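The values are calculated or read from the model by the stated rules, or taken from the named source; none is laboratory data. Everything quoted here is computed from the prediction, not taken from an experiment. Cβ coordinates were reconstructed from backbone atoms using ideal geometry, including for glycine residues, and neighbour counts include every protein chain displayed. Just the protein is used for accessible areas: all its heavy atoms, side chains included, with ligands, DNA and RNA removed. Shrake-Rupley method; radii C 1.70, N 1.55, O 1.52, S 1.80 Å.
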Amino acid sequence: PPPATTGRAPGPPDGGWGWAVVFGAFISIGFAYAFPKGLAIFFKEIQDFFGTSYSEIAWVSSIMLATTYGAGPISSILVNRYGSRPVVIFGGLLCGIGMVSAAFSTSILQLYICVGFITGFGLALNLQPSVIIIGKYFLKRRPIANGLAMAGSPVMLCTLAPLNQFLFDNFGWRGSFLILGAILLNCCVAGALFRPIGPATASVKTQMAEEGKGALKEEVTEDAMEMSSPTNVAMENKTEEEGGKDCCEKINQYLDFSLFKHRGFLIYLIGNVLMFLGFFAPIVFLAPYAKHIGIDEYSAAFLLSILAIVDMIARPTTGIIANSKWVRPRIQYFFSFSIAFNGTCHLLCPLASGYTGLVVYSIFFGLAFGMVCAMLFETLMDLVGAARFTSAVGLVTIAECCTILLGPPIGGTLIDTFGDYKYMFIKCGAVMVLAGTFLFIMNYYNYRMLAKEEKERKVKEDPKEDPVRTENEGRNNWNKETAQDGPELEPLREEQEGLKKEVNGT
């Protein structure tokens, strides 16, 4: 007969096809994170073409990023319902359709719809399933797998920044959007790699199956007899009761709103909502800032490539460090430090007046940005666990979309008001240092409370307070002692075994 584990979902393989899944997530996450930043190359020219301000053109990236994050719950629900593979493939199709439609836009409003909403929603359907499926394929090596998958963002950004400038010089921004729409269809190929981990149904050899045919027939007969039993009637009534669930309970199947009672989740949520107010604006305005102070177009685009190259190295390195025995038990502290370090880089950016200074800023910014992104989802999974991670990602992203939406336009408004980029960098740096400090203090409080709760739980489970457990342990100890008494009790044991056989016979 088949083993008892047949039909159960297997655990994470921590390798094998999981590395192909990491490669697919590398592509999907890379496009989801890097594409909105790479479009900043076209902003100066689109701004001149439509005659808009800095804040108006910044809404293109803001709407795109906000849709990518705000559609997180929808993406999570679709993943729970259909799995990661079809969701990512459909998202890749939406990305291509959005960018091809944007190539024919005649107003900035049409760009908001095509690039911001349609392409942004397609990227959302790429981001969430890619992060979720890594948690299903990896457990022990999960920080390393997340770090490698997250490295897709800097690799794509490093490639897209000079590629976009080359496409613009040769085809204009409309022709570039057509080509980029075709490139985004590669997300469909990446989604095809996301093979679901199903029940282990084919683990029994053919010979064992042949030998177990008789036993299987008997089980089928017994199952048929049980179909008419009162137990089955109770199961049918239970099914009818489940079918009568209200709308809120059905939604709660896909999004676990009880997470809002989770202390660690709330700390993470508040800190990240504050952090994203200044997280993306510096990348969006880095190339325009370089052009503003007189740096040529290719050198300005190369700043993003420098940032991406450093980011590319920082993410897997951070994943390896976070997976070490010294850092992983207190990974939340490492995450808080990364956010504060990121903000400090932005505060020092106004001191870089020339191209050399901006290169140094890009190096440190890439290091800090890679550290934050490599641990962004790993720290969330560390807090809520893999079982509730899908719902947690959806709830976090929809809460973050508001600050992501407002971050770049607020920065653009500061630039329009003061005519200088330094106030935008100071605002982003101050917000991120505040977010890092908040997370560090609150995580220290959370760790203290968890240690206290664990201590109380151990006191409650003390054997002295549990008479049943004490009696069982005493019986086990007596059995061990009798087993060590040697040949003196051998006749007594034989008599006891004979009584057991008679009882079994009756």
Work out the FRET efficiency for Leu351 and Arg81 from their Cβ-Cβ distance, taking R0 = 41 Å, and round it to the nearest 0.05. 0.20
Contact order relative to length for the stretch 256-460, counting C-alpha pairs under 8 Å separated by 6 or more residues, stands in percent at 39
What number comes out for accessible area per residue over the stretch 12-197 if the probe is 1.4 Å? Units Å², please. 33
Segment Ala182-Ser107, length gained on full extension (0.36 nm per residue, minus Cα span): 24.8 nm
Return the sequence-ordered ³J(HN,Hα) values of the stretch 38-43 in whole Hz as given by the Karplus equation 6.51 cos²θ - 1.76 cosθ + 1.60 applied to θ = phi - 60°, using x for Gly and Pro. x, 5, 4, 4, 8, 5
Classify the stretch 12-197 from the C-alpha gyration tensor, please: rounded if a/c falls under 1.5, else prolate or oblate depending on whether a/b exceeds b/c. prolate
Relative contact order for the stretch 12-197: what percent, with Cα pairs under 8 Å and sequence separation of 6 or more? 43
Probe 1.4 Å, accessible area per residue of the stretch 256-460, Å²: 41
Could you rank the peptides 421-430, 390-399, 129-138 by their average count of other C-beta atoms within 10 Å per residue, with the highest value first? 129-138, 390-399, 421-430
Where does each of 77-83, 376-382 land if you order them by average Cβ count within 10 Å, highest first? 376-382, 77-83
At a Förster radius of 41 Å, what calculated FRET efficiency corresponds to the Cβ-Cβ distance of Arg457 and Thr437, to the nearest 0.05? 0.85
Over 18 Å (Cα to Cα) - which of Lys37/Lys291; Lys291/Lys427; Lys140/Lys458 fall in this group: Lys291/Lys427; Lys140/Lys458
Taking a crude spin-label model, label points 7 Å out from Cα along the C-beta direction, the Ala387 to Arg263 distance in nm is 2.0
